[in-house]
1. Just to check your reading of the model, which residue among 215, 199 is surrounded by 13 or more Cβ atoms within 10 Å (Cβ to Cβ) and either out of contact with any Gly (no Cβ under 9 Å at 6 or more places or on another chain) or more than 23 Å from residue 261 (Cβ to Cβ) (or both)?
2. In the list 157, 237, 179, which residue meets the criterion of being under 30 Å from residue 291 (Cβ atoms) and of a type outside the set (S, T, N, Q)?
3. Could you list all residues from segment 228-272 that are in contact (Cβ under 8 Å) with a residue 60 or more places away in the chain and part of a loop (DSSP other than H, G, I, E, B)?
4. Identify all residues within segment 102-145 that are assigned to a strand (DSSP E or B) and in contact (Cβ under 8 Å) with a residue 40 or more places away in the chain; write none if there are none.
5. Any residue at all in segment 197-206 that's within 26 Å of residue 265 (Cα to Cα), at pLDDT 95 or above and under 20 Å from the mean Cα position of the chain (by Cα)?
6. Can you confirm whether segment 276-292 contains a residue that is under 19 Å from the mean Cα position of the chain (by Cα) and either surrounded by fewer than 16 Cβ atoms within 10 Å (Cβ to Cβ) or closer than 21 Å to residue 188 by Cβ (or both)?
Amino acid sequence: MEIRRVGVVGCGLMGSGIAEVAAKSGFDVIVCEVDDEVVENGKSLIRKSMDRAVEKEKMTLTEQEVAWGHLHFTAEVSELENSDIVVEAIIENLDAKAELFQQLDRLCPDHTIFASNTSSLPVTDIAAATSRADQFIGLHFFNPVPVMKLVEVVRTIATSQETLDRALQFSRALNKVPITAKDNSGFVVNLLLVPYLLDAIRQLEHGVATVEDIDAAMTLGLGYPMGPFILCDFVGIDTLYQISEIMFDEYRDPRYAPPPLLKRIVTMGRFGQKSGKGFYDWSGEKPTALSV
């Protein structure tokens with residue numbers, strides 16, 4: 001069945017980006033958040049993102065107006081009942097996701113596909129909360145969603161071939177490049193990225209080099225677009241800590257165990273660029289490394 005109506009639950013950084021690219025691609029999109037205030041915040045994120053795209057001549061004012069016309073916002077989950085696919089982008093918490101999909105399972109018609117944007121939780125654990133595990137899939141987008149081309153399409157042991165095919169087709173319709181990943185915690189990107197970031201933090205703890213020098217080593221020595229500590233601040237240090245705990249709980253592999261320094265920085269409220277401070281201070285024109 002062709003996907004025409006897209007539901008997006010959550011309108012933070014990820015949810016707003018997913019809603020934006022779906023609207024730009026011509027889908028009718030209904031975005032759901034917990035209350036009207038959060039809905040307005042989500043609208044603002046999408047509006048600012050589209051305005052930047054117009055400024056950079058990535059889209060015209062007419063295209064922006066058309067895309068905005070495809071977006072509808074609500075604080076009522078019940079308004080998602082006619083969606084052909086619902087993409088969840090809420091807090092990275094299994095109980096919260098399971099509760100949401102149980103509610104959606106009762107509301108949505110039989111043909112509706114359920115997709116989670118989880119970055120670290122096994123999709124099977126979320127799908128088990130519904131009666132349609134065969135129509136449940138992971139669609140892991142990357143931040144910023146309007147810019148990043150990759151989508152990890154995560155098939156569980158219960159996902160049907162038809163659901164996989166529809167999810168791949170939907171991803172391509174969003175002008176993304178989908179890859180199919182096994183349903184293991186972290187999928188492909190985080191499975192490889194998280195140990196790299198955590199090991200950089202461990203080497204900082206060991207006094208191997210400073211934040212700036214480790215970042216310079218990886219950018220100038222290996223040609224990476226940014227160093228691990230700048231990347232930590234972009235990802236969100238609290239997010240990295242949460243993901244590493246989930247992955248360590250899944251694998252019991254010390255590579256995924258969060259280093260003590262990571263926990264201390266989170267405890268101090270230094271979450272990265274979004275809070276103004278992480279491994280760097282983001283208050284000036286250029287980020288400045290902080291002491292740890």
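1. So the residue among 215, 199 that is surrounded by 13 or more Cβ atoms within 10 Å (Cβ to Cβ) and either out of contact with any Gly (no Cβ under 9 Å at 6 or more places or on another chain) or more than 23 Å from residue 261 (Cβ to Cβ) (or both) is 199.
2. 237
3. 258, 259
4. 113, 115, 138, 139, 140, 141
5. Within segment 197-206, one or more residues are within 26 Å of residue 265 (Cα to Cα), at pLDDT 95 or above and under 20 Å from the mean Cα position of the chain (by Cα).
6. The answer is no, given that none of the residues of segment 276-292 is under 19 Å from the mean Cα position of the chain (by Cα) and either surrounded by fewer than 16 Cβ atoms within 10 Å (Cβ to Cβ) or closer than 21 Å to residue 188 by Cβ (or both).
The values are calculated or read from the model by the stated rules, or taken from the named source; none is laboratory data. These figures come from a predicted structure and were not determined experimentally. Every residue, glycine as well, gets a Cβ built from its backbone with ideal geometry; the counts of neighbours run over all protein chains shown.
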